[in-house]
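**Q** Sharing a structure, written as structure tokens. Questions coming.
The values are calculated or read from the model by the stated rules, or taken from the named source; none is laboratory data. Bear in mind that the values here come from a model prediction, so they are computed numbers and not experimental data. Using ideal geometry, Cβ is built from the backbone for each residue, glycine included, and neighbour counts are taken over all protein chains shown.
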Amino acid sequence: MVEIFVPDSCCSLRSGRLRWREIGASEVNCSHFLNDAPETYFCLPLVAQGETLGMLFLTPNDKDSIEGVRSREDSIRQLAELTAMTIAGLQLRVKLENQSVRDGLTGLFNRHFMEIALERELARASRSKSQVAMLMLDVDHFKTFNDQYGHATGDIVLKEVATVFEAKIRSGDMVCRYGGEEFAIILPDVTVEGAFMTAERIRTAIAGMRLTSGLAMHSDLSVSVGVALFPQDAENSGDLLRKADAALYRAKHEGRNQVVLA
């Protein structure tokens, strides 16, 4: 049987109840098999909180096994219910954990997570005598863009910008939505040149974006970036954020769509 299949390929999932397939009774086969289907099997949907989460599949291969399964159908149903409830609980836990550290709109880490992660990375850098870069980024003229095209289009812009950020960083770097149209990126174990190149790569990618919303094409997007490094520019996380933010302010004050080092 294949591990992943569409719900319509299983008769049990379509009907929402336990179903036996056996000769002389229901001989219609489900279509979730790689090869020939067994002569006898049954499927039981795993349902919890009104949501179908999966399926329990058994293939008793002789008469005694079939009778043994039939005599324990109630116990199997109870096991399926407990399994579904457990899966639903785990999924809810993961969802709540993600909500506590993720921004709801962009899916990026939120500011709270960023503050915790930054402290951790600075501590690691102090032990290893390495550097950590903080990039503060702001979408240029975003308020004007939002007022002109509407909040729905503004949300699309933020999502697309977030996607570019994630595509242009290393696997160990962290992108966070700092607030509104402002973002922060933590770059552990990086040089000044490496941090600047990453910031410039992001800036260039945003400037080259072509975003369509409704019938309008938007090609005037850009970001300004401020870059600060620990321990070169700051001794702690608060100073590092302030230095990066000050560099961002200079980038916007001096014409936007540029990268400025602290």
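**Q** Among (1) acidic (Asp, Glu); (2) modelled with pLDDT under 85; (3) in contact with a strand residue (DSSP E or B) (Cβ under 7 Å, 6 or more places away or on another chain), which single condition is Glu22 missing?
**A** (3)
**Q** While we're here: For the structure I just gave you, tell me whether Gly194 is in contact (Cβ under 8 Å) with a residue 60 or more places away in the chain and among the small types (Gly, Ala, Ser).
**A** When the stated conditions are applied, Gly194 passes them.
**Q** Just wondering, is there one or more residues in segment 184-205 that are more than 18 Å from Leu108 (Cβ to Cβ), among the β-branched types (Val, Ile, Thr) and touching a Leu at 6+ places or on another chain (Cβ under 7 Å)?
**A** The answer is yes; a qualifying residue exists.
**Q** Looking at segment 244-262, which of its residues are part of a loop (DSSP other than H, G, I, E, B) and either free of Cβ contacts under 8 Å to residues at least 40 places away in the same chain or crowded, with 21+ Cβ neighbours inside 10 Å (or both)?
**A** Across segment 244-262, the qualifying residues are Glu254, Gly255, Ala262.
**Q** Residues in segment 142-161: is at least one farther than 30 Å from Val260 by Cα and either surrounded by fewer than 13 Cβ atoms within 10 Å (Cβ to Cβ) or among the hydroxyl-bearing types (Ser, Thr, Tyr) (or both)?
**A** Yes, there is a match, as at least one residue in segment 142-161 is farther than 30 Å from Val260 by Cα and either surrounded by fewer than 13 Cβ atoms within 10 Å (Cβ to Cβ) or among the hydroxyl-bearing types (Ser, Thr, Tyr) (or both).
**Q** Quick check on segment 143-160: of everything there that is out of contact with any strand residue (DSSP E or B) (no Cβ under 7 Å at 6 or more places or on another chain) and modelled with pLDDT of 90 or more, which residue is nearest to Glu181 (Cα to Cα)?
**A** Leu158
**Q** Also, I was wondering about something else. Of the conditions (1) basic (Lys, Arg); (2) modelled with pLDDT of 85 or more; (3) loosely packed, with under 13 Cβ neighbours inside 10 Å, Arg102 clears all except one; give me its number.
**A** (3)
**Q** If you don't mind, there's one more thing I want to ask. If I ask for residues that are in a strand (DSSP E or B) and either outside the structural domain of Leu18 (by TED's automatic domain parsing) or touching a residue at least 24 places away in the same chain (Cβ under 8 Å) (or both), which ones from segment 56-74 would you list?
**A** Correct list: Leu56, Phe57.
**Q** To continue, here is another question. So which of Arg177, Arg127, Arg170 ends up being farther than 16 Å from Ala234 by Cβ and surrounded by 19 or more Cβ atoms within 10 Å (Cβ to Cβ)?
**A** One residue alone meets the criteria, Arg177.
**Q** Let me ask you something else. Here is a list: Leu241, Leu221, Leu187. Which entry is buried (at least 16 other Cβ atoms within 10 Å of the Cβ), at pLDDT below 95 and not β-branched (Val, Ile, Thr)?
**A** After ruling out the rest, the residue left standing is Leu221.
**Q** Would you check if Phe113 is of a type in the set (Phe, Trp, Tyr), touching a strand residue (DSSP E or B) at 6+ places or on another chain (Cβ under 8 Å) and not in a helix (DSSP H, G or I)?
**A** no
**Q** Could you tell me whether Lys168 is at pLDDT 90 or above and at positive phi?
**A** Taking the combined requirement at face value, the residue does not satisfy it.
**Q** Just the residues that are surrounded by 12 or more Cβ atoms within 10 Å (Cβ to Cβ) and β-branched (Val, Ile, Thr), please, taken from segment 60-99.
**A** If the condition is that a residue be surrounded by 12 or more Cβ atoms within 10 Å (Cβ to Cβ) and β-branched (Val, Ile, Thr), then Ile66, Val69, Ile76, Thr83, Thr86, Ile87 are the ones that fit.
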